[in-house]
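Written below as structure tokens is the structure these notes are about.
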Amino acid sequence: MIGGRLVVPKGAHGPPYYRFNAAEKQVYLSAYHIGPSTVRHYVDALNRFKPEVLTGYAYSHVTLARLMLDRGLSLNYQPAALVLGSEKLTTETKLQLQAAIGARAFEEYGSVENCLLATECEAGSLHVSSDFGIVELLDDVGAPVAPGQPGRVVATCLLNYTQPLIRYELGDIASWSLDPCRCGRSQHPVLREVVGRVDDVLTGPDGRQVVMFHGVFLGLPSVHEGQLVQETTSRIAARVVAPGGLSAGESSQIVARIRQRLGDVTVRVDTVPHIERTERGKFRAVVSLLPKPGAAGE
Ligand SMILES: [Zn+2]
């Protein structure tokens, strides 16, 4: 597991960057220490414990995979799978994970409150485990949305008897699939897409509210990571990590895709060495610097 728990003090300078949780037979690796000078220690830890399934933050695993490929490091065993959440995987990042770790990466969508679990099947669909929690996708007035339409994710725990949460709003936006999955697990409904966080909304100059931005950086081979920062309603900064340099074509594609979604905005593409993670070690795809509606004094 690579996740946001502080298993190793943040400022720690020497290995190991993990703790072994004997009760759960789990190796918990720090999300805060993965870097060029530490990657070897992460590979050593995996080779020592040989976990069958690698799980946790998607971007932490992608960062680890890229560093392994850069340095020619590999595992001395073959894990069964990666089951990753928190951030979206693209075709490119899945290929990098396959190349570095030697196993297929499956996406997982869940919550720390344990009232929702959805996992990717072998056919590539994100199935909601209906015995884990009841999931509803609702519109602004609380009515269920039609398949294909984005709605607020509301979930009811079926497993947590100590702190049951009923119709708990997760702060995410998702849509149901229009088609059943060909794997045949029709008892587990399929999410077409988890579009993003409710907080990940950007506002266009004409007032439109847009949440679907992960397509902006798709299919651009130089882009390792990308983040959009809304500076004003008419100005967006696209922050891009592209170690080999960004081509002019890619840069103009990013600008065009943002304008397609938001309208007539000024877009600045900044190449940066890295994109900061949150306090919890998570990657944020979208950051809005606009004052929140109703925020005092703004
Ligand atoms: Zn399926």
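Values as computed for the structure displayed
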| quantity | calculated |
| --- | --- |
| For segment 68-176, alpha-carbon Rg relative to the globular expectation (2.2 N^0.38 Å, N residues) | 1.30 |
| Sites residue 81 and residue 233 - FRET efficiency at Förster radius 51 Å, r taken between beta-carbons, to 0.05 | 0.75 |
| Segment 131-137 - phi-based ³J(HN,Hα) in whole Hz, Karplus 6.51/-1.76/1.60, Gly and Pro as x | 7, 8, x, 8, 10, 10, 10 |
| Electrostatic dipole magnitude of segment 201-288 [Cβ: Lys, Arg +1; Asp, Glu -1; Cα centre; debye, to 20] | 180 debye |
| Percent carbon-and-sulfur accessible area, the chain, ignoring ligands, DNA and RNA, probe 1.4 Å | 53 percent |
| Candidate aspartates and glutamates - alpha carbon under 15 Å from residue 50, same-chain residues fewer than 8 apart omitted | 24 |
| In range of the label at residue 104: residues from segment 65-82 whose backbone nitrogen is under 18 Å from the point 7 Å along Cα→Cβ | 78-82 |
| Long-range amide H partners of residue 286 with built H, under 5 Å | 228 |
| Estimated FRET transfer efficiency when R0 is 30 angstrom, pair residue 197-residue 37 (beta carbons, to 0.05) | 0.40 |
| Kirkwood Rh, Cα atoms: Rg over Rh of segment 201-288 | 0.95 |
| Charge sum, other residues only, whose C-beta stays under 15 Å from residue 160's C-beta, Lys/Arg counted +1 and Asp/Glu -1 | -1 |
| Cα gyration tensor category, rounded, prolate or oblate, for segment 1-110 with a/c compared to 1.5 | rounded |
| Using distinct alpha-carbon pairs, which all enter the 1/r mean, Kirkwood radius of the chain in Å | 20.8 Å |
| Square roots of 5 times each gyration tensor eigenvalue, C-alpha, segment 154-263, largest first, Å | 33, 19, 14 |
| Solvent accessible area, Å² - residue 86, 1.4 Å probe, full protein context | 70 Å² |
| Per-pair calculated FRET efficiency, R0 = 22 Å: residue 21 and residue 44 via Cβ, rounded to 0.05 | 0.75 |
| Helical contribution to [θ] at 222 nm, DSSP H n ≥ 4, -39,500 (n - 2.57), averaged over the chain, rounded to 500 | -5500 deg cm²/dmol |
| Heavy atoms of residue 271 accessible to a 1.4 Å probe, total area in Å² rounded to 10 | 90 Å² |
| Expected-Rg normalisation [2.2 N^0.38 Å, Cα atoms] applied to segment 128-210 | 1.22 |
| For peptides 98-110, 133-145, sequence by mean Cβ density within 10 Å, most packed first | 98-110, 133-145 |
| Segment residue 13-residue 179, length gained on full extension (0.36 nm per residue, minus Cα span) | 54.8 nm |
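The values are calculated or read from the model by the stated rules, or taken from the named source; none is laboratory data. Only a predicted model underlies this, so the values are computations on that prediction, with no experimental measurement involved. When we count neighbours, we look across all protein chains shown, and the Cβ atoms used for this are built from the backbone with ideal geometry, even at glycine. Heads up: the accessible areas ignore ligands, DNA and RNA and are worked out on the full protein's heavy atoms, side chains in. Shrake-Rupley method; radii C 1.70, N 1.55, O 1.52, S 1.80 Å.
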